[in-house]
1. Normalise the Cα radius of gyration of segment B:1-101 by 2.2 N^0.38 Å (N = residues in it) and let me know the number.
2. For the residue pair B:Gln248 and A:Leu119, what label-to-label distance in nm results when each label sits 7 Å from Cα along the Cα-to-beta-carbon direction?
3. Take A:Ala192 and A:Ala216, extend 7 Å from each Cα along the Cα→Cβ direction, and tell me the distance between the two endpoints in nm.
4. In square nanometres, what is one fourth of the surface area of the convex hull spanned by the alpha carbons of segment A:122-272?
5. Once the whole set of protein chains is in place, how much accessible area is left on A:Ile52, using a 1.4 Å probe, in Å² to the nearest 10?
6. Could you work out, residue by residue across B:83-95, how many beta carbons of other chains sit within 10 Å of that residue's beta carbon, and then give the average as an integer?
7. Roughly how big is the B-A contact, given as buried accessible area in Å² (both sides, 1.4 Å probe, nearest 100)?
8. Give me the accessible area per residue for chain B, probe 1.4 Å, as a whole number in Å².
Amino acid sequence: MSTTTLTQGTHATGSAGPRTTPVGRMATLARAELTLLGRNRSSLVMVLVMPIVLTFSSWSAARGMDLDKMGLSIGTMVIPTSVAYVLIFGIYTTLVATYVARREELVLKRLRTGEPGDLEILAGTSVAALATALVQCLVLIVAGALVLGVKMPSNLLFVVVGIVFGIALAALLATATAAFTKSVESSQLTVAPVMLVSMFGSGLIFPLEVLPDTAARICELLPLSPVVELMRGGWSGSLTWSGGLGAMAIAAAWIVLSAYTVKKRFRWEPRR
Amino acid sequence: MTTHAELVIDVEGLRRTYAGGFEAVRSVSFSVGRGELFALLGTNGAGKTSTLELLEGLAEPSGGRVRVLGHHPYTERAKVRPRVGVMLQEGGFPAQLTVLETARMWAGCTSGARPVEEALELVGLSKRLAVRVKQLSGGERRRLDLAMAVLGRPEVLFLDEPTTGLDAEGRHATWELVRELRDQGTTVLLTTHYLEEAEELADRLAIMHEGRIAAEGRVDEVVAAHPSRISFELPEGYHMGDLPPLGQLGVTEHQLTGKTVQLSTPQLQRSATGLLVWAEAAGVQLRGLDVRSASLEEAFLHIARDARTTTDTTKREEVAAR
(Lines give C-alpha, C1' and ligand atoms only; values in the text may rest on other atoms or scores of the structure.)
Protein backbone atom coordinates (compact mmCIF):
# COMPACT_ATOMS: atom_id res chain seq x y z
CA MET A 1 0.00 0.00 0.00
CA SER A 2 1.27 3.43 -0.78
CA THR A 3 0.62 6.18 1.67
CA THR A 4 2.29 8.99 -0.23
CA THR A 5 -0.87 10.18 -1.93
CA LEU A 6 -2.52 10.54 1.45
CA THR A 7 -0.24 13.31 2.54
CA GLN A 8 -0.34 15.28 -0.68
CA GLY A 9 -2.63 18.14 0.10
CA THR A 10 -5.32 16.02 1.62
CA HIS A 11 -4.85 17.24 5.17
CA ALA A 12 -8.24 18.75 5.55
CA THR A 13 -10.58 15.86 6.13
CA GLY A 14 -14.14 16.29 4.96
CA SER A 15 -12.76 18.80 2.49
CA ALA A 16 -15.10 20.63 0.20
CA GLY A 17 -15.31 18.59 -2.96
CA PRO A 18 -18.28 18.45 -5.28
CA ARG A 19 -21.41 17.61 -3.28
CA THR A 20 -23.50 14.79 -4.63
CA THR A 21 -27.13 15.35 -5.59
CA PRO A 22 -30.05 12.91 -5.46
CA VAL A 23 -30.23 12.81 -9.26
CA GLY A 24 -26.49 12.28 -9.57
CA ARG A 25 -26.52 9.49 -7.03
CA MET A 26 -29.44 7.74 -8.69
CA ALA A 27 -27.75 8.05 -12.08
CA THR A 28 -24.65 6.41 -10.62
CA LEU A 29 -26.69 3.53 -9.20
CA ALA A 30 -28.57 3.19 -12.48
CA ARG A 31 -25.34 2.96 -14.42
CA ALA A 32 -24.00 0.23 -12.14
CA GLU A 33 -27.27 -1.70 -12.42
CA LEU A 34 -27.26 -1.41 -16.21
CA THR A 35 -23.76 -2.93 -16.24
CA LEU A 36 -24.95 -5.70 -13.94
CA LEU A 37 -28.05 -6.37 -16.04
CA GLY A 38 -25.81 -6.77 -19.08
CA ARG A 39 -23.76 -9.38 -17.21
CA ASN A 40 -26.68 -11.42 -15.94
CA ARG A 41 -27.58 -13.86 -18.70
CA SER A 42 -30.76 -15.27 -17.18
CA SER A 43 -32.10 -11.78 -16.46
CA LEU A 44 -31.28 -10.71 -20.01
CA VAL A 45 -33.23 -13.63 -21.43
CA MET A 46 -36.18 -12.81 -19.18
CA VAL A 47 -36.08 -9.15 -20.14
CA LEU A 48 -35.38 -9.33 -23.85
CA VAL A 49 -36.66 -12.67 -25.07
CA MET A 50 -39.68 -13.57 -22.96
CA PRO A 51 -41.93 -10.62 -23.92
CA ILE A 52 -41.24 -11.19 -27.61
CA VAL A 53 -41.82 -14.94 -27.53
CA LEU A 54 -45.02 -14.51 -25.53
CA THR A 55 -46.18 -11.72 -27.85
CA PHE A 56 -45.90 -14.10 -30.82
CA SER A 57 -47.80 -16.81 -29.00
CA SER A 58 -50.59 -14.41 -28.04
CA TRP A 59 -50.72 -13.19 -31.63
CA SER A 60 -51.29 -16.68 -32.97
CA ALA A 61 -53.90 -17.31 -30.26
CA ALA A 62 -55.67 -14.02 -31.04
CA ARG A 63 -56.05 -14.99 -34.68
CA GLY A 64 -58.36 -17.81 -33.58
CA MET A 65 -60.57 -15.51 -31.48
CA ASP A 66 -63.77 -13.79 -32.45
CA LEU A 67 -62.46 -10.35 -31.55
CA ASP A 68 -64.87 -8.27 -33.65
CA LYS A 69 -67.73 -9.21 -31.34
CA MET A 70 -65.87 -7.50 -28.47
CA GLY A 71 -64.94 -4.45 -30.50
CA LEU A 72 -61.31 -5.50 -30.65
CA SER A 73 -58.86 -6.17 -33.45
CA ILE A 74 -55.75 -8.34 -33.45
CA GLY A 75 -53.69 -5.19 -32.87
CA THR A 76 -55.70 -3.91 -29.90
CA MET A 77 -55.68 -7.41 -28.42
CA VAL A 78 -51.99 -8.21 -28.91
CA ILE A 79 -50.23 -4.86 -28.32
CA PRO A 80 -51.50 -4.26 -24.75
CA THR A 81 -50.75 -7.91 -23.94
CA SER A 82 -47.25 -7.43 -25.26
CA VAL A 83 -46.72 -4.34 -23.10
CA ALA A 84 -48.03 -6.23 -20.07
CA TYR A 85 -45.50 -9.00 -20.71
CA VAL A 86 -42.78 -6.37 -20.65
CA LEU A 87 -44.15 -5.14 -17.32
CA ILE A 88 -44.13 -8.66 -15.91
CA PHE A 89 -40.84 -10.00 -17.23
CA GLY A 90 -38.87 -6.85 -17.92
CA ILE A 91 -39.77 -5.08 -14.70
CA TYR A 92 -41.54 -7.25 -12.14
CA THR A 93 -39.61 -10.52 -12.04
CA THR A 94 -36.32 -8.82 -12.91
CA LEU A 95 -36.58 -6.25 -10.14
CA VAL A 96 -37.61 -8.79 -7.50
CA ALA A 97 -34.43 -10.74 -8.26
CA THR A 98 -32.34 -7.56 -8.36
CA TYR A 99 -33.53 -6.21 -5.01
CA VAL A 100 -33.12 -9.58 -3.34
CA ALA A 101 -29.63 -10.09 -4.82
CA ARG A 102 -28.50 -6.65 -3.67
CA ARG A 103 -29.90 -7.27 -0.22
CA GLU A 104 -28.15 -10.65 0.06
CA GLU A 105 -24.86 -9.13 -1.13
CA LEU A 106 -25.34 -6.49 1.60
CA VAL A 107 -25.22 -3.82 -1.10
CA LEU A 108 -28.43 -2.21 0.15
CA LYS A 109 -27.11 -2.10 3.71
CA ARG A 110 -23.81 -0.66 2.55
CA LEU A 111 -25.57 1.98 0.46
CA ARG A 112 -27.64 2.98 3.48
CA THR A 113 -24.44 3.83 5.37
CA GLY A 114 -23.75 6.38 2.65
CA GLU A 115 -25.42 9.48 1.34
CA PRO A 116 -28.30 8.06 -0.77
CA GLY A 117 -31.68 8.07 0.98
CA ASP A 118 -33.84 4.95 1.13
CA LEU A 119 -36.06 6.03 -1.75
CA GLU A 120 -33.06 6.94 -3.88
CA ILE A 121 -31.55 3.51 -3.32
CA LEU A 122 -34.74 1.74 -4.38
CA ALA A 123 -35.38 4.06 -7.29
CA GLY A 124 -31.77 4.17 -8.49
CA THR A 125 -31.59 0.38 -8.43
CA SER A 126 -34.74 0.14 -10.57
CA VAL A 127 -33.89 2.72 -13.24
CA ALA A 128 -31.98 0.34 -15.50
CA ALA A 129 -34.88 -2.14 -15.69
CA LEU A 130 -37.47 0.62 -16.05
CA ALA A 131 -35.62 2.38 -18.86
CA THR A 132 -35.06 -0.90 -20.70
CA ALA A 133 -38.75 -1.71 -20.33
CA LEU A 134 -39.83 1.70 -21.59
CA VAL A 135 -37.71 1.32 -24.70
CA GLN A 136 -39.12 -2.17 -25.26
CA CYS A 137 -42.69 -0.92 -24.87
CA LEU A 138 -42.11 1.78 -27.46
CA VAL A 139 -40.47 -0.63 -29.89
CA LEU A 140 -43.24 -3.23 -29.47
CA ILE A 141 -45.99 -0.63 -29.84
CA VAL A 142 -44.50 0.92 -32.97
CA ALA A 143 -43.55 -2.41 -34.52
CA GLY A 144 -46.91 -3.95 -33.56
CA ALA A 145 -48.85 -1.03 -34.95
CA LEU A 146 -46.95 -1.22 -38.23
CA VAL A 147 -47.07 -4.99 -38.63
CA LEU A 148 -50.67 -5.41 -37.48
CA GLY A 149 -51.85 -2.25 -39.19
CA VAL A 150 -53.75 -0.67 -36.31
CA LYS A 151 -55.08 2.88 -36.29
CA MET A 152 -53.87 5.54 -33.82
CA PRO A 153 -55.39 5.07 -30.34
CA SER A 154 -58.81 6.72 -29.99
CA ASN A 155 -57.92 7.89 -26.46
CA LEU A 156 -54.17 8.43 -26.30
CA LEU A 157 -54.39 9.71 -22.73
CA PHE A 158 -55.76 6.38 -21.48
CA VAL A 159 -53.01 4.49 -23.28
CA VAL A 160 -50.23 6.69 -21.89
CA VAL A 161 -51.68 6.69 -18.38
CA GLY A 162 -52.05 2.91 -18.59
CA ILE A 163 -48.37 2.49 -19.49
CA VAL A 164 -47.18 4.94 -16.83
CA PHE A 165 -49.35 3.36 -14.13
CA GLY A 166 -48.26 -0.06 -15.31
CA ILE A 167 -44.57 0.75 -14.98
CA ALA A 168 -45.01 2.31 -11.53
CA LEU A 169 -47.16 -0.58 -10.37
CA ALA A 170 -44.83 -3.29 -11.68
CA ALA A 171 -41.86 -1.64 -9.92
CA LEU A 172 -43.72 -1.23 -6.63
CA LEU A 173 -45.16 -4.75 -6.73
CA ALA A 174 -41.61 -5.99 -7.29
CA THR A 175 -40.31 -4.10 -4.27
CA ALA A 176 -43.18 -5.38 -2.14
CA THR A 177 -42.58 -8.96 -3.34
CA ALA A 178 -38.86 -8.62 -2.57
CA ALA A 179 -39.86 -7.85 1.02
CA PHE A 180 -41.27 -11.38 1.27
CA THR A 181 -38.48 -13.14 -0.63
CA LYS A 182 -35.56 -14.71 1.21
CA SER A 183 -33.16 -15.48 -1.63
CA VAL A 184 -32.69 -15.06 -5.36
CA GLU A 185 -33.58 -18.74 -5.86
CA SER A 186 -36.82 -18.44 -3.92
CA SER A 187 -37.77 -15.36 -5.95
CA GLN A 188 -38.68 -17.75 -8.76
CA LEU A 189 -41.47 -18.97 -6.50
CA THR A 190 -42.52 -15.71 -4.89
CA VAL A 191 -43.10 -13.99 -8.25
CA ALA A 192 -45.40 -16.78 -9.45
CA PRO A 193 -48.69 -15.56 -7.91
CA VAL A 194 -48.60 -12.07 -9.45
CA MET A 195 -47.20 -13.44 -12.70
CA LEU A 196 -49.78 -16.19 -13.19
CA VAL A 197 -52.75 -14.23 -11.89
CA SER A 198 -51.88 -11.41 -14.27
CA MET A 199 -51.40 -13.67 -17.27
CA PHE A 200 -54.69 -15.50 -16.83
CA GLY A 201 -56.81 -12.97 -14.98
CA SER A 202 -55.85 -9.59 -16.38
CA GLY A 203 -56.80 -10.12 -19.99
CA LEU A 204 -53.41 -11.03 -21.38
CA ILE A 205 -54.20 -14.45 -22.83
CA PHE A 206 -57.92 -13.87 -23.44
CA PRO A 207 -59.96 -10.68 -23.05
CA LEU A 208 -61.96 -10.47 -19.81
CA GLU A 209 -65.12 -10.07 -21.93
CA VAL A 210 -65.14 -13.82 -22.61
CA LEU A 211 -65.53 -14.56 -18.88
CA PRO A 212 -68.88 -14.88 -17.08
CA ASP A 213 -69.93 -11.55 -15.58
CA THR A 214 -69.07 -12.23 -11.94
CA ALA A 215 -65.67 -13.65 -12.82
CA ALA A 216 -64.96 -10.67 -15.07
CA ARG A 217 -65.95 -8.23 -12.28
CA ILE A 218 -63.49 -9.96 -9.89
CA CYS A 219 -60.72 -10.12 -12.47
CA GLU A 220 -61.07 -6.39 -13.14
CA LEU A 221 -59.78 -5.82 -9.62
CA LEU A 222 -56.47 -7.65 -10.18
CA PRO A 223 -53.37 -5.44 -10.24
CA LEU A 224 -52.59 -5.46 -13.96
CA SER A 225 -56.22 -5.56 -15.14
CA PRO A 226 -56.82 -1.79 -15.03
CA VAL A 227 -53.50 -1.26 -16.84
CA VAL A 228 -54.45 -3.60 -19.66
CA GLU A 229 -57.97 -2.17 -19.76
CA LEU A 230 -56.71 1.41 -20.08
CA MET A 231 -54.37 0.48 -22.91
CA ARG A 232 -56.78 -1.81 -24.76
CA GLY A 233 -59.95 0.21 -24.24
CA GLY A 234 -58.11 3.46 -24.83
CA TRP A 235 -56.79 2.16 -28.08
CA SER A 236 -59.99 0.59 -29.42
CA GLY A 237 -62.19 3.38 -28.07
CA SER A 238 -64.42 0.97 -26.16
CA LEU A 239 -63.50 2.47 -22.78
CA THR A 240 -65.76 5.24 -21.51
CA TRP A 241 -64.46 8.09 -19.33
CA SER A 242 -66.16 6.67 -16.26
CA GLY A 243 -64.74 3.23 -17.07
CA GLY A 244 -61.28 4.76 -17.56
CA LEU A 245 -61.41 6.69 -14.30
CA GLY A 246 -62.56 3.54 -12.50
CA ALA A 247 -59.58 1.63 -13.90
CA MET A 248 -57.24 4.42 -12.83
CA ALA A 249 -58.70 4.27 -9.32
CA ILE A 250 -58.09 0.51 -9.12
CA ALA A 251 -54.51 0.90 -10.36
CA ALA A 252 -53.92 3.75 -7.92
CA ALA A 253 -55.23 1.62 -5.07
CA TRP A 254 -52.74 -1.13 -5.93
CA ILE A 255 -49.94 1.43 -6.13
CA VAL A 256 -50.81 2.78 -2.68
CA LEU A 257 -51.12 -0.72 -1.22
CA SER A 258 -47.75 -1.79 -2.66
CA ALA A 259 -46.04 1.39 -1.45
CA TYR A 260 -47.50 0.89 2.02
CA THR A 261 -46.28 -2.72 2.10
CA VAL A 262 -42.81 -1.59 1.05
CA LYS A 263 -42.73 1.06 3.75
CA LYS A 264 -43.83 -1.40 6.43
CA ARG A 265 -42.13 -4.61 5.40
CA PHE A 266 -39.10 -3.95 3.19
CA ARG A 267 -35.93 -5.46 4.63
CA TRP A 268 -32.58 -3.84 3.96
CA GLU A 269 -30.41 -6.71 5.08
CA PRO A 270 -30.65 -10.49 5.01
CA ARG A 271 -32.32 -12.33 7.84
CA ARG A 272 -29.53 -14.23 9.54
CA MET B 1 -9.88 11.89 26.08
CA THR B 2 -13.26 12.90 27.34
CA THR B 3 -11.77 16.31 28.05
CA HIS B 4 -11.42 17.02 24.31
CA ALA B 5 -13.08 20.25 23.39
CA GLU B 6 -15.21 18.63 20.74
CA LEU B 7 -16.96 15.32 21.19
CA VAL B 8 -17.33 13.80 17.77
CA ILE B 9 -19.07 10.70 19.05
CA ASP B 10 -21.19 10.88 22.17
CA VAL B 11 -23.22 7.98 23.44
CA GLU B 12 -25.14 7.74 26.67
CA GLY B 13 -27.24 4.92 28.07
CA LEU B 14 -27.51 3.44 24.59
CA ARG B 15 -29.75 0.40 24.24
CA ARG B 16 -30.69 -1.87 21.39
CA THR B 17 -33.29 -4.58 21.70
CA TYR B 18 -34.01 -6.75 18.68
CA ALA B 19 -37.50 -7.69 17.57
CA GLY B 20 -37.22 -11.09 19.27
CA GLY B 21 -36.57 -9.38 22.60
CA PHE B 22 -32.81 -10.00 22.65
CA GLU B 23 -31.00 -7.11 24.32
CA ALA B 24 -27.78 -6.71 22.33
CA VAL B 25 -26.77 -3.35 23.78
CA ARG B 26 -27.57 -2.67 27.43
CA SER B 27 -26.92 0.89 28.42
CA VAL B 28 -23.61 1.73 26.83
CA SER B 29 -21.98 5.13 27.37
CA PHE B 30 -18.75 6.52 25.95
CA SER B 31 -17.48 9.44 23.96
CA VAL B 32 -14.75 10.01 21.43
CA GLY B 33 -13.04 13.33 20.84
CA ARG B 34 -11.92 14.76 17.52
CA GLY B 35 -8.86 13.03 16.14
CA GLU B 36 -9.08 10.21 18.62
CA LEU B 37 -8.90 6.52 17.78
CA PHE B 38 -11.26 4.52 19.92
CA ALA B 39 -11.46 0.73 19.84
CA LEU B 40 -14.40 -1.40 20.90
CA LEU B 41 -13.14 -4.79 21.98
CA GLY B 42 -15.11 -7.83 22.89
CA THR B 43 -15.80 -11.47 22.33
CA ASN B 44 -18.15 -12.51 19.55
CA GLY B 45 -21.68 -11.49 20.42
CA ALA B 46 -20.55 -8.86 22.93
CA GLY B 47 -22.58 -6.19 21.12
CA LYS B 48 -19.81 -4.37 19.23
CA THR B 49 -21.45 -4.45 15.81
CA SER B 50 -24.90 -3.76 17.25
CA THR B 51 -23.49 -0.64 18.90
CA LEU B 52 -21.62 0.42 15.78
CA GLU B 53 -24.73 0.10 13.61
CA LEU B 54 -26.52 2.55 15.87
CA LEU B 55 -23.67 5.03 15.42
CA GLU B 56 -23.72 4.47 11.66
CA GLY B 57 -27.42 5.31 11.71
CA LEU B 58 -28.55 1.97 10.29
CA ALA B 59 -31.06 1.51 13.07
CA GLU B 60 -32.78 3.56 15.71
CA PRO B 61 -31.70 2.90 19.30
CA SER B 62 -34.29 1.35 21.62
CA GLY B 63 -33.15 3.78 24.29
CA GLY B 64 -30.49 6.27 25.27
CA ARG B 65 -28.78 9.09 23.44
CA VAL B 66 -26.52 8.95 20.41
CA ARG B 67 -24.77 11.84 18.67
CA VAL B 68 -22.27 11.83 15.84
CA LEU B 69 -20.83 15.23 14.94
CA GLY B 70 -23.59 16.72 17.08
CA HIS B 71 -26.41 15.08 15.15
CA HIS B 72 -28.61 12.03 15.53
CA PRO B 73 -27.19 9.59 12.97
CA TYR B 74 -30.58 7.98 12.27
CA THR B 75 -33.06 10.85 12.23
CA GLU B 76 -30.59 13.41 10.87
CA ARG B 77 -29.04 11.04 8.39
CA ALA B 78 -28.53 13.58 5.60
CA LYS B 79 -26.48 15.86 7.86
CA VAL B 80 -24.18 13.14 9.14
CA ARG B 81 -23.61 10.89 6.10
CA PRO B 82 -21.46 13.17 3.93
CA ARG B 83 -18.97 13.50 6.81
CA VAL B 84 -18.53 9.86 7.82
CA GLY B 85 -16.98 6.80 6.21
CA VAL B 86 -18.17 3.30 7.03
CA MET B 87 -16.74 -0.16 6.62
CA LEU B 88 -19.21 -2.89 7.48
CA GLN B 89 -18.14 -6.19 8.95
CA GLU B 90 -18.52 -7.83 5.56
CA GLY B 91 -19.44 -7.32 1.98
CA GLY B 92 -21.59 -4.67 0.45
CA PHE B 93 -20.54 -4.67 -3.19
CA PRO B 94 -22.20 -6.33 -6.20
CA ALA B 95 -20.27 -9.50 -7.01
CA GLN B 96 -20.29 -8.92 -10.78
CA LEU B 97 -18.85 -5.41 -10.84
CA THR B 98 -15.12 -4.88 -11.21
CA VAL B 99 -13.03 -3.09 -8.62
CA LEU B 100 -12.97 0.07 -10.72
CA GLU B 101 -16.72 -0.02 -11.45
CA THR B 102 -17.42 -0.52 -7.76
CA ALA B 103 -15.22 2.44 -6.88
CA ARG B 104 -16.96 4.61 -9.49
CA MET B 105 -20.35 3.60 -8.19
CA TRP B 106 -19.31 4.50 -4.68
CA ALA B 107 -17.65 7.74 -5.76
CA GLY B 108 -20.87 8.83 -7.46
CA CYS B 109 -22.60 8.56 -4.10
CA THR B 110 -19.89 10.31 -2.08
CA SER B 111 -19.48 14.06 -1.71
CA GLY B 112 -15.92 15.33 -2.15
CA ALA B 113 -14.65 11.92 -3.27
CA ARG B 114 -10.96 11.52 -4.00
CA PRO B 115 -10.09 10.28 -7.47
CA VAL B 116 -10.99 6.56 -7.37
CA GLU B 117 -7.54 5.52 -8.61
CA GLU B 118 -5.99 7.34 -5.67
CA ALA B 119 -8.28 5.63 -3.15
CA LEU B 120 -7.53 2.20 -4.62
CA GLU B 121 -3.82 2.98 -4.65
CA LEU B 122 -4.02 3.70 -0.91
CA VAL B 123 -5.01 0.10 -0.23
CA GLY B 124 -2.80 -1.46 -2.86
CA LEU B 125 -5.51 -2.49 -5.31
CA SER B 126 -4.18 -0.53 -8.30
CA LYS B 127 -3.26 -3.68 -10.17
CA ARG B 128 -6.69 -5.27 -9.67
CA LEU B 129 -8.91 -2.61 -11.26
CA ALA B 130 -10.44 -4.89 -13.88
CA VAL B 131 -11.05 -7.83 -11.55
CA ARG B 132 -14.61 -8.59 -10.51
CA VAL B 133 -15.42 -8.34 -6.81
CA LYS B 134 -16.46 -12.01 -6.88
CA GLN B 135 -12.92 -13.02 -7.80
CA LEU B 136 -11.14 -11.00 -5.13
CA SER B 137 -9.67 -12.76 -2.11
CA GLY B 138 -11.21 -12.10 1.28
CA GLY B 139 -8.35 -9.78 2.16
CA GLU B 140 -8.65 -7.84 -1.10
CA ARG B 141 -12.36 -7.36 -0.51
CA ARG B 142 -11.59 -6.00 2.94
CA ARG B 143 -9.14 -3.54 1.39
CA LEU B 144 -11.65 -2.46 -1.27
CA ASP B 145 -14.12 -1.84 1.53
CA LEU B 146 -11.55 0.27 3.38
CA ALA B 147 -10.82 2.26 0.23
CA MET B 148 -14.54 3.04 -0.17
CA ALA B 149 -14.78 4.04 3.49
CA VAL B 150 -12.00 6.62 3.12
CA LEU B 151 -13.06 7.72 -0.37
CA GLY B 152 -14.80 10.89 0.78
CA ARG B 153 -12.01 11.96 3.17
CA PRO B 154 -14.42 11.50 6.08
CA GLU B 155 -14.13 13.32 9.40
CA VAL B 156 -15.28 10.18 11.18
CA LEU B 157 -14.41 6.65 10.20
CA PHE B 158 -16.33 3.60 11.46
CA LEU B 159 -14.45 0.37 10.89
CA ASP B 160 -16.06 -2.92 11.84
CA GLU B 161 -13.30 -5.51 12.15
CA PRO B 162 -11.20 -3.92 9.41
CA THR B 163 -8.44 -6.52 9.36
CA THR B 164 -10.38 -9.77 9.67
CA GLY B 165 -9.22 -12.06 6.88
CA LEU B 166 -6.08 -10.05 6.12
CA ASP B 167 -2.61 -11.57 6.18
CA ALA B 168 0.05 -10.08 8.47
CA GLU B 169 1.33 -7.72 5.79
CA GLY B 170 -2.11 -6.47 4.88
CA ARG B 171 -2.93 -5.99 8.54
CA HIS B 172 0.14 -3.85 9.12
CA ALA B 173 -0.52 -1.82 5.99
CA THR B 174 -4.08 -1.19 7.18
CA TRP B 175 -2.81 -0.12 10.59
CA GLU B 176 -0.39 2.25 8.90
CA LEU B 177 -3.16 3.81 6.82
CA VAL B 178 -5.55 4.13 9.75
CA ARG B 179 -2.84 5.69 11.91
CA GLU B 180 -1.99 8.16 9.18
CA LEU B 181 -5.62 9.18 8.79
CA ARG B 182 -5.88 9.60 12.55
CA ASP B 183 -2.75 11.77 12.56
CA GLN B 184 -4.43 14.00 9.98
CA GLY B 185 -7.35 14.54 12.30
CA THR B 186 -9.78 11.78 11.34
CA THR B 187 -11.75 10.42 14.27
CA VAL B 188 -11.77 6.64 14.15
CA LEU B 189 -14.00 4.13 15.89
CA LEU B 190 -13.07 0.54 15.21
CA THR B 191 -14.17 -2.79 16.53
CA THR B 192 -11.83 -5.71 16.69
CA HIS B 193 -11.35 -8.98 18.44
CA TYR B 194 -7.60 -8.79 17.91
CA LEU B 195 -6.19 -7.44 21.16
CA GLU B 196 -2.92 -6.69 19.41
CA GLU B 197 -4.76 -4.40 17.01
CA ALA B 198 -6.30 -2.40 19.83
CA GLU B 199 -2.97 -2.19 21.65
CA GLU B 200 -1.25 -1.07 18.47
CA LEU B 201 -3.76 1.56 17.38
CA ALA B 202 -6.12 2.74 20.06
CA ASP B 203 -5.78 5.96 22.00
CA ARG B 204 -8.54 4.63 24.19
CA LEU B 205 -10.57 1.48 24.21
CA ALA B 206 -13.59 -0.10 25.77
CA ILE B 207 -14.03 -3.79 26.41
CA MET B 208 -17.60 -4.90 25.84
CA HIS B 209 -19.13 -7.98 27.32
CA GLU B 210 -22.74 -9.10 26.99
CA GLY B 211 -23.95 -5.74 25.78
CA ARG B 212 -22.19 -3.66 28.41
CA ILE B 213 -18.88 -1.85 28.69
CA ALA B 214 -16.86 -3.73 31.28
CA ALA B 215 -13.74 -1.55 31.16
CA GLU B 216 -12.77 1.65 29.47
CA GLY B 217 -9.71 3.87 29.27
CA ARG B 218 -6.25 4.13 27.76
CA VAL B 219 -4.59 0.78 27.18
CA ASP B 220 -2.22 1.29 30.14
CA GLU B 221 -5.12 2.30 32.38
CA VAL B 222 -7.16 -0.75 31.52
CA VAL B 223 -4.13 -2.99 31.98
CA ALA B 224 -3.13 -1.30 35.25
CA ALA B 225 -6.58 -1.89 36.67
CA HIS B 226 -5.93 -5.59 36.48
CA PRO B 227 -3.27 -7.48 38.46
CA SER B 228 -0.26 -9.46 37.25
CA ARG B 229 -0.12 -13.16 37.97
CA ILE B 230 2.30 -15.71 39.34
CA SER B 231 1.54 -19.40 39.23
CA PHE B 232 3.50 -22.51 40.21
CA GLU B 233 3.02 -26.00 41.61
CA LEU B 234 3.03 -26.34 45.37
CA PRO B 235 6.13 -28.45 46.16
CA GLU B 236 5.61 -31.98 47.49
CA GLY B 237 4.90 -32.00 51.22
CA TYR B 238 4.26 -28.26 51.40
CA HIS B 239 1.02 -26.50 52.34
CA MET B 240 -0.19 -23.00 51.56
CA GLY B 241 0.72 -22.05 55.12
CA ASP B 242 4.36 -22.92 54.50
CA LEU B 243 4.69 -20.14 51.94
CA PRO B 244 5.99 -16.77 53.16
CA PRO B 245 3.24 -14.36 54.34
CA LEU B 246 1.65 -13.45 51.00
CA GLY B 247 0.24 -10.10 52.11
CA GLN B 248 3.75 -8.87 52.85
CA LEU B 249 4.81 -9.78 49.32
CA GLY B 250 2.12 -7.53 47.88
CA VAL B 251 -0.12 -10.40 46.80
CA THR B 252 -3.75 -9.38 46.82
CA GLU B 253 -5.40 -12.68 46.00
CA HIS B 254 -4.40 -16.32 46.02
CA GLN B 255 -6.00 -19.48 44.87
CA LEU B 256 -5.11 -23.16 45.06
CA THR B 257 -6.47 -25.41 42.34
CA GLY B 258 -5.27 -28.98 42.76
CA LYS B 259 -1.55 -28.47 43.21
CA THR B 260 -1.39 -25.20 41.29
CA VAL B 261 -1.05 -21.99 43.24
CA GLN B 262 -2.12 -18.77 41.57
CA LEU B 263 -1.22 -15.38 43.01
CA SER B 264 -2.52 -12.01 41.86
CA THR B 265 -0.43 -8.94 42.51
CA PRO B 266 -0.27 -5.33 41.43
CA GLN B 267 3.47 -5.33 42.37
CA LEU B 268 4.86 -8.13 40.29
CA GLN B 269 8.58 -7.59 40.94
CA ARG B 270 8.18 -7.41 44.71
CA SER B 271 5.98 -10.49 44.91
CA ALA B 272 8.12 -12.56 42.55
CA THR B 273 11.36 -11.61 44.31
CA GLY B 274 9.91 -12.48 47.72
CA LEU B 275 8.68 -15.82 46.47
CA LEU B 276 11.96 -16.74 44.73
CA VAL B 277 14.12 -15.67 47.69
CA TRP B 278 11.98 -17.87 49.91
CA ALA B 279 12.25 -20.83 47.53
CA GLU B 280 16.02 -20.45 47.25
CA ALA B 281 16.40 -20.33 51.06
CA ALA B 282 14.09 -23.29 51.58
CA GLY B 283 15.85 -25.21 48.82
CA VAL B 284 12.64 -26.06 46.94
CA GLN B 285 12.03 -26.12 43.26
CA LEU B 286 8.91 -24.30 42.01
CA ARG B 287 7.71 -26.45 39.13
CA GLY B 288 5.69 -24.83 36.33
CA LEU B 289 6.68 -21.38 37.51
CA ASP B 290 4.92 -18.77 35.38
CA VAL B 291 5.35 -15.08 36.06
CA ARG B 292 3.08 -13.01 33.90
CA SER B 293 2.92 -9.23 33.91
CA ALA B 294 -0.45 -7.62 33.31
CA SER B 295 -1.39 -7.27 29.66
CA LEU B 296 -4.45 -6.37 27.71
CA GLU B 297 -5.03 -10.05 27.11
CA GLU B 298 -4.96 -10.78 30.83
CA ALA B 299 -7.31 -7.89 31.46
CA PHE B 300 -9.61 -9.07 28.69
CA LEU B 301 -9.78 -12.64 29.96
CA HIS B 302 -10.23 -11.39 33.50
CA ILE B 303 -13.15 -9.18 32.45
CA ALA B 304 -14.81 -11.94 30.47
CA ARG B 305 -14.50 -14.24 33.47
CA ASP B 306 -15.56 -11.63 36.04
CA ALA B 307 -18.49 -10.48 34.02
CA ARG B 308 -19.66 -14.03 33.72
CA THR B 309 -19.53 -14.48 37.49
CA THR B 310 -21.38 -11.21 37.96
CA THR B 311 -24.13 -12.22 35.58
CA ASP B 312 -24.42 -15.56 37.31
CA THR B 313 -24.76 -13.79 40.63
CA THR B 314 -27.32 -11.41 39.19
CA LYS B 315 -29.28 -14.31 37.80
CA ARG B 316 -29.20 -16.06 41.14
CA GLU B 317 -30.39 -12.91 42.86
CA GLU B 318 -33.18 -12.56 40.33
CA VAL B 319 -34.24 -16.12 41.00
CA ALA B 320 -34.06 -15.56 44.74
CA ALA B 321 -36.14 -12.43 44.45
CA ARG B 322 -39.02 -14.29 42.85
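The values are calculated or read from the model by the stated rules, or taken from the named source; none is laboratory data. Keep in mind that this is a model prediction, so the values were computed, not measured. So basically every Cβ, Gly included, is an ideal-geometry build from the backbone, and we count neighbours across all protein chains shown. Note: areas computed on protein heavy atoms with side chains; ligands, DNA, RNA excluded. Shrake-Rupley method; radii C 1.70, N 1.55, O 1.52, S 1.80 Å.
1. 1.17
2. 8.0
3. That separation, rounded to one decimal, is 3.1 nm.
4. 10.1
5. Here the residue's solvent-accessible area equals roughly 80 Å².
6. 5
7. What B and A bury together is about 4000 Å².
8. Per residue, chain B has an accessible area of 44 Å².
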